[in-house]
Every structure is written in structure tokens, then in C-alpha cells.
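Peer 1: The following block contains the structure, expressed as C-alpha cells.
Every number here is computed from the coordinates shown, using simple stated rules; none is lab data. Note that this is a predicted model, so its numbers are computed, not measured. Please note: Cβ atoms are built from the backbone with ideal geometry, for glycine as well, and neighbour counts cover all protein chains shown.
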Amino acid sequence: DAGITQSPRHKVTETGTPVTLRCHQTENHRYMYWYRQDPGHGLRLIHYSYGVKDTDKGEVSDGYSVSRSKTEDFLLTLESATSSQTSVYFCAISDPRLAGPTADTQYFGPGTRLTVL
Amino acid sequence: AQTVTQSQPEMSVQEAETVTLSCTYDTSENNYYLFWYKQPPSRQMILVIRQEAYKQQNATENRFSVNFQKAAKSFSLKISDSQLGDTAMYFCASPWSGGSEKLVFGKGTKLTVNP
């Protein structure tokens, strides 16, 4: 498995509280992504990063912010959590500089289950 | 909006038989990769197979193969000699138009392999 960890793995929080999820990689991959997975929707991209301090929005970015101050860490923040943000969150990494069968392939972390009450 | 369509929400197959999962996509990229991922009950997203769109030859990985029809934007996954461990959700993914570093995922097909 690619060296990707996510923390925490499970979290229960209350509406209105801030929440930060962390993704850590040991692969030195350039790109990092945050997705959410909900029943009937597959995976949807929230934000992604193409380098340190370089980030951009995905298709469901409202209510989320991200930061990447180091190559290995990508943080997802819910400034004021809502019940609609109850979901499973996945981090992924990729690198277009790689050659061969791993080029442009996204590898996923184990996921974080977040419940907002 | 960019879409990837998996028209079969659920499928079942008997152990040792063959099953095909369908996927269509609508990227406008010319050179790109397509992916199938497997998500077993453990929730981990596992890469099953990858297809390079500029290659006419269909990708194969052991019991897994694809039928890639570029003009039709179709990318189906065939699983031969199905095993109980193949029971999982399967997701098809294609690149965003104008940003192939990003992927769009289908809603998934839940595959059950019966003994």
C-alpha cells in the first residue's frame, strides 16, 4: 500500500464545531486530494493540492477549506461542521512525474468516518 | 457537468463465473487514463486496473480485463473466474475535462459473488 495515513480514523462532533482532518504521505507525491463518499454519490472531490501552498476547489468545496504547508501533509478543515457534512472522507495522492503504470494513478488512504450530530 | 455513469447499481454472480460491469464517461481530454477501483467492506479503495486511452490494446490484470471503446466512451470491467473475495463496490473513474489530474467517479456497482 502507498504510504498514506489519515487521522483521526473516526470522529463524532457536534454541529457548529470546527473539525480538522489530516492526511499524511511518505511518498513525496506532488498531488493530494480530499474526497467525500456518500451513499448513492460515489466519491466527490472537495479540494486538491498540486504543490506546497497550491490548492484548488473541487466540485463540492462549500463549507471546507484546506492547507498544505509541507509536501507530506494536507489538512481539510470544516470551519463550522453541519450535519450534511457527515460522511466518509478519503485522501488520495498522485504524481504525474512518475513513469510507467503508476503515472497519474491516484492512491487512497484508509478513510475517516465523520459524524456531525 | 462531468459525469461517469455506471448503469448497474447492483449485480450478483456465481463463484467461478464471469461478470461484466459497465461504465460510460464524457471527458473531452485526448490523452488520459481510466480506472476501476474496488472497495471491499473494509472501505479501503483499491486500484483494480488502469487503461491508457491512447493504447488500443485492452488492459488486463490477471482475472480482470477491460473492454475499452474510445469512440463510444465506454470502459467496462470483466471479472473472470469470480471469487468470493471479489465481493465489493466497484467504481469507475475518468479524468475531468480540462484537468486530467482530477478524477470523476461513478456512483458504483455493488457486486456480490455467491458460493
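Peer 1: For chain B, what does the relative contact order come out to in percent, with C-alpha contacts under 8 Å and a separation of six or more?
Peer 2: On the way: 288 pairs, mean separation 43.3, N = 115.
It rounds to 38 percent for chain B.
Peer 1: Cα convex hull of the range A:1-108: mean projected area in nm², to one decimal?
Peer 2: On the way: hull surface 27.5 nm².
Mean projected area for the range A:1-108: 6.9 nm², to one decimal.
Peer 1: Could you work out the relative contact order of the range B:68-110, using alpha carbon pairs under 8 angstrom and six or more residues apart, expressed as a whole percent? Walk me through the intermediate numbers first.
Peer 2: On the way: 34 pairs, mean separation 12.9, N = 43.
Reported as a whole number, the value is 30 percent.
Peer 1: In addition: Kirkwood hydrodynamic radius for the protein assembly as shown: how many Å is it when counted over pairs of different Cα atoms?
Peer 2: On the way: mean 1/r = 0.0550 Å⁻¹.
For the protein assembly as shown, the Kirkwood estimate is 18.2 Å.
Peer 1: Hey, got the average number of other protein chain Cβ atoms within 10 angstrom for residues in B:47-54?
Peer 2: Values: counts 7, 0, 0, 5, 0, 3, 0, 0.
If you average over the peptide's residues, the count of other-chain Cβ atoms is 2.
Peer 1: To continue, here is another question. Give me, ordered by chain and number, the residues 5 or more places off B:Gln8 or on other chains with an amide H under 5 Å from its own placed amide H.
Peer 2: Here the answer is B:Ser22, since their amide H atoms fall under 5 Å of that of B:Gln8.
Peer 1: Where in chain B is the longest stretch that carries no trypsin sites (Lys or Arg not before Pro) classed as loop by DSSP and with at most 16 other Cβ atoms within 10 Å?
Peer 2: Details: sites that count: B:Arg43, B:Lys55, B:Arg63, B:Lys70.
Here the longest run is B:71-115.
Peer 1: Take peptide B:98-108, look around each residue's Cβ out to 10 angstrom, count Cβ atoms belonging to other protein chains, and average those counts. Please report the intermediate quantities before stating the final value.
Peer 2: Numbers: counts 0, 4, 2, 11, 10, 10, 6, 7, 2, 6, 6.
For peptide B:98-108, the averaged partner shielding equals 6.
Peer 1: Which entries of B:Lys55/B:Lys107; A:Lys11/B:Lys110; B:Lys38/B:Lys110; B:Lys55/B:Lys78; A:Lys70/B:Lys107; A:Lys70/B:Lys38 show an alpha-carbon separation above 21 angstrom in the structure shown? All intermediate terms of the calculation are to be shown ahead of the outcome.
Peer 2: Numbers: B:Lys55/B:Lys107 26 Å; A:Lys11/B:Lys110 26 Å; B:Lys38/B:Lys110 10 Å; B:Lys55/B:Lys78 18 Å; A:Lys70/B:Lys107 32 Å; A:Lys70/B:Lys38 30 Å.
Over 21 Å apart, Cα to Cα: B:Lys55/B:Lys107; A:Lys11/B:Lys110; A:Lys70/B:Lys107; A:Lys70/B:Lys38.
Peer 1: Taking amide H positions as placed 1.01 Å from N in the peptide plane, with prolines and chain starts having none, which residues 5 or more places from B:Asp26, or on another chain, fall under 5 Å of its amide H?
Peer 2: It is B:Thr3, by chain and number.
Peer 1: Next up: Could you work out Rg/(2.2 N^0.38 Å) for the range B:4-114, with Rg from alpha carbons only?
Peer 2: Numbers: Rg = 13.4 Å, N = 111, 2.2 N^0.38 = 13.2 Å.
Relative to the 2.2 N^0.38 Å estimate, the range B:4-114 comes out at 1.02.
Peer 1: Moving to a separate point now. GNM, chain B, Cα, under 10 Å: largest mean-square fluctuation among B:Asn58, B:Asn30, B:Asn67?
Peer 2: B:Asn30
Peer 1: Return the average number of partner chain Cβ atoms within 10 angstrom of each residue Cβ along peptide A:39-48. Numbers along the way, then the final one.
Peer 2: On the way: counts 2, 3, 3, 13, 11, 2, 5, 0, 0, 4.
The per-residue average across the peptide is 4.
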